[in-house]
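So the structure is just underneath, and the comments pick up after that.
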Amino acid sequence: MKPAAHLILDQLKKSHVEQEGLRIADLFEQDSGRFDRFSANCGDILFDYSKTGIDAETRGLLFELAAAAGLNEKRKALFDGEIVNVTEGRAVQHMALRSSVDQSVMLEGEDVVPAVLGVRDRMVRFATDVRSGRIAGKGGAFTDIVNIGIGGSDLGPVMATAALAPDHDGPRTHFVSNVDGADILDVLKRVDPAKTLFLVASKTFTTQETMTNAATARAWLVAALGEDAVGDHFAALSTALDKTGAFGIADDRTFGFWDWVGGRYSVWSAIGLSLMIAVGPEKFERFLAGARAVDEHFQTSQMESNVPVLMALVGIWHRNICGYDTHAVLPYDQHLHRFPAYLQQLDMESNGKRIDLNGDEVSTATGPIVWGEPGTNGQHAFYQLIHQGTSVIPADFLIAAHPAEPVGDHHEKLAANAFAQTEALMFGKTVKQVEETLREQGLAADEIARLAPHKVFPGNRPTCTFLYPRLTPFILGQLIALYEHKVFVQGAIWNINSFDQWGVELGKELAGELLPMVKGEKDAEGRSGSTQGLLAAYHAMRNTA
Ligand code: F6P
């Protein structure tokens, strides 16, 4: 972090210490207009951060922190297409993928929008023809689409197709990611080879999991329909156009993108083809438009009303000032059930870094552990810890005003639970309140004394709430882009490269070394004692039925 930013961080820490004992609920007592002052809108999405410990003074300091960290300059460098991914020597321009026809995005002196729109047009034609049955398999119109990819080549489409489930009117979609054969076999059991289209989604077209699954799918298809079916039943989504041909996928079935699109930012590119086929090109366009609106908001809004900046600063407050390690994402929206998993990659692969842009070890904590599950399910699982555990877990709650699928009073109950949780987390329940309740229930004094401590909720646990009209393609595009830019702002403040992912490489390398040992083709000499022991036990178990 830049020295000037560090000084402000120190001031923030001092204010936090001075505020010791001040509770979030007190902030509402002090300011009846707190909700209005500590919430902001990005289009139709309301972001409420009033239930955090941030007050006007600390918010002012957080804005100063962002400015001192060079946020404005860094954002300009990002949108101007400078090489911000310095360790891979690349610009970062996933925003260009959601451009409209009237935009231009210059990269190395060239406008990339015509190429982006060119691929998008081809995707639209392909998706339209697959949906109508004009492009078909050996057995007629495709009934099933199987996207084979992992990480950013899986999580975006998988999350977004689940999120927009009510909008599906195309073929069924399936997603295979894990190299565990169970993943692909479970899908292959359910589909008819003659009516199944495989999309091999891989930026690099070298990822072990994806190439293994693609080879298995190809062999399965060839066994059923013969070698000449491959061309009709496969398409590729990749930047590695040289490798897709070698797999047997023709150029007109290959949808490219570019090295300035990070895997975890690629759902807007050809990687989104499964989503486009599922919901149709018009809705996919609305999805892009939502993200585009956020790009505009992020670039033009003042910090006070800039939702991704506010989201990031709330996170900095919790991570660097309050010292909270994790961040929960709790969608009260069943269709967002993969959103926490998607955000895990977006946030943790981007900001899980310990070396800054100068190559020095960072001096502050960086990205938190991101996790979550949809409400209300989580309430009956891990909320116990959120309410009464020893760790404070800042959480984002997401809820629509209108249900995606209305039935009875389900949605009112869902919303009541979401609002109740954020209130319970903020207020908690004091020992006095607990004792009173127990007295009202007629318990004896010694019983009250015994039970009361267990029933106390410390409260003062921070939450933010996102409220949106309904989960449309546009709103989904907005939500994703809000988190993308939040991650960028935090990376900018921490002065790290949010766009590389070297931390995933070592495991891949070692898996490559270990494979011949697992296969029994090489002995494990020189590996750690534990690995040798595990390999020996593995082989012993494999040799018994
Ligand atoms: O393992 C990490 C990673 O490189 C991600 O960043 C990426 O999204 C994923 O693997 C898949 O990579 P590819 O699209 O090249 O198969």
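The values are calculated or read from the model by the stated rules, or taken from the named source; none is laboratory data. What you see is a predicted model; the values in this text were computed from it and never measured. Neighbour counts run over all protein chains shown; Cβ positions are idealised from the backbone, glycine included.
Structure notes:
- Filtered residues of the stretch 400-450 (kept if touching a Leu at 6+ places or on another chain (Cβ under 6 Å) and outside any helix (DSSP H, G or I)): ALA400, ALA404
- Some residue of the stretch 458-478 being more than 16 Å from the ligand (Cβ to nearest atom), loosely packed, with under 12 Cβ neighbours inside 10 Å and either of a type outside the set (S, T, N, Q) or part of a helix (DSSP H, G or I) (or both): no
- Checked against (1) closer than 19 Å to LYS353 by Cβ; (2) more than 25 Å from the chain's Cα centre (by Cα), VAL92 passes all but a single condition, namely (2).
- Within the stretch 258-270, residues that are within 18 Å of VAL84 (Cβ to Cβ) and among the β-branched types (Val, Ile, Thr) have Cβ atoms under 9 Å from residues that are at pLDDT 95 or above and more than 11 Å from the ligand (Cβ to nearest atom) in these pairs: VAL261/VAL92; VAL261/GLN93; VAL261/HIS94; VAL261/ALA96; VAL261/LEU97; VAL261/TRP268, counting only partners at least 6 apart in sequence or on another chain.
- The listed residue being under 24 Å from ARG338 (Cβ atoms), assigned to a loop (DSSP other than H, G, I, E, B) and either modelled with pLDDT of 95 or more or aromatic (Phe, Trp, Tyr) (or both), out of VAL294, VAL267: VAL267
- Residue pairs whose Cβ atoms lie under 7 Å apart, separated by 6 or more positions or on different chains, with the first residue in the stretch 475-503 and closer than 15 Å to PRO340 by Cα and the second among the hydroxyl-bearing types (Ser, Thr, Tyr) and within 15 Å of the ligand (Cβ to nearest atom), are GLU484/TYR265; VAL487/SER350; VAL487/SER498.
- Among the residues making up the stretch 156-179, those that are within 16 Å of the ligand (Cβ to nearest atom) and not in a strand (DSSP E or B) are GLY156, PRO157, VAL158, MET159, ALA160, SER177, ASN178, VAL179.
- Answer residue from the stretch 182-213, given it is assigned to a loop (DSSP other than H, G, I, E, B) and farther than 22 Å from GLY262 by Cα and is nearest to the ligand (Cβ to nearest atom) among those: VAL191
- Residues satisfying the stated conditions in the stretch 334-377, i.e. in a helix (DSSP H, G or I) and within 15 Å of the ligand (Cβ to nearest atom): ALA341, TYR342, LEU343, GLN344, GLN345, LEU346, ASP347, MET348, GLU349, SER350, ASN351
- Conditions (1) within 19 Å of the chain's Cα centre (by Cα); (2) surrounded by 19 or more Cβ atoms within 10 Å (Cβ to Cβ): number failed by ALA278: (1)
- Given (1) more than 16 Å from the ligand (Cβ to nearest atom); (2) β-branched (Val, Ile, Thr); (3) buried (at least 22 other Cβ atoms within 10 Å of the Cβ), index of the condition VAL101 fails: (3)
- Residue selected from the stretch 298-310 under the condition in contact with a strand residue (DSSP E or B) (Cβ under 7 Å, 6 or more places away or on another chain) and crowded, with 23+ Cβ neighbours inside 10 Å, by the criterion farthest from SER100 (Cα to Cα): LEU310
- Residue check for ALA201: surrounded by 21 or more Cβ atoms within 10 Å (Cβ to Cβ) and under 30 Å from PRO331 (Cβ atoms): yes
- Among the residues listed as ALA416, ALA401, the single one being of a type in the set (Gly, Ala, Ser) and touching a residue at least 60 places away in the same chain (Cβ under 8 Å): ALA401
- Of all the criteria given as (1) away from the ligand (no atom under 16 Å from the Cβ); (2) under 30 Å from ILE54 (Cβ atoms), the one not satisfied by GLU484 is (1).
- Scan of the stretch 378-398 for residues that are free of Cβ contacts under 8 Å to residues at least 24 places away in the same chain and part of a helix (DSSP H, G or I), ordered by number: HIS380, GLN384, LEU385
- PRO368 passes every criterion in (1) under 30 Å from SER104 (Cα atoms); (2) in contact with a Lys or Arg (Cβ under 7 Å, 6 or more places away or on another chain) apart from (1).
- Scan of the stretch 487-501 for residues that are within 16 Å of the ligand (Cβ to nearest atom) and more than 23 Å from GLY151 (Cα to Cα), ordered by number: none
- Positions within the stretch 106-146 being β-branched (Val, Ile, Thr) and in contact with a Gly (Cβ under 7 Å, 6 or more places away or on another chain), in sequence order: VAL119
- Against the conditions (1) within 30 Å of the chain's Cα centre (by Cα); (2) part of a loop (DSSP other than H, G, I, E, B), SER32 satisfies every one except (1).
- Test: residue in the stretch 119-135 that is acidic (Asp, Glu), farther than 20 Å from VAL267 by Cβ and either surrounded by fewer than 17 Cβ atoms within 10 Å (Cβ to Cβ) or within 16 Å of the ligand (Cβ to nearest atom) (or both): yes
- Scan of the stretch 214-240 for residues that are surrounded by fewer than 16 Cβ atoms within 10 Å (Cβ to Cβ) and either within 16 Å of the ligand (Cβ to nearest atom) or closer than 23 Å to VAL130 by Cα (or both), ordered by number: ALA215, ALA219, GLY226, GLU227, ASP228, GLY231
- Residues satisfying the stated conditions in the stretch 219-239, i.e. outside any helix (DSSP H, G or I) and either modelled with pLDDT of 95 or more or within 23 Å of ILE184 (Cα to Cα) (or both): GLY226, PHE234, ALA235, ALA236, LEU237, SER238
- First in the stretch 206-229 and at negative phi, second anywhere and within 16 Å of the ligand (Cβ to nearest atom) and of a type in the set (Asp, Glu), Cβ under 8 Å, 6 or more apart: ASN213/ASP183
- Matching residues in the stretch 364-383 - criterion: being surrounded by fewer than 22 Cβ atoms within 10 Å (Cβ to Cβ) and either within 24 Å of GLN334 (Cβ to Cβ) or modelled with pLDDT under 95 (or both): ILE369, TRP371, GLU373, PRO374, THR376, ASN377, GLY378, GLN379, HIS380, ALA381, PHE382
- Considering the conditions (1) among the hydrophobic types (A, V, I, L, M, F, W, C); (2) away from the ligand (no atom under 16 Å from the Cβ); (3) part of a strand (DSSP E or B), ILE277 is excluded by exactly one of them, (3).
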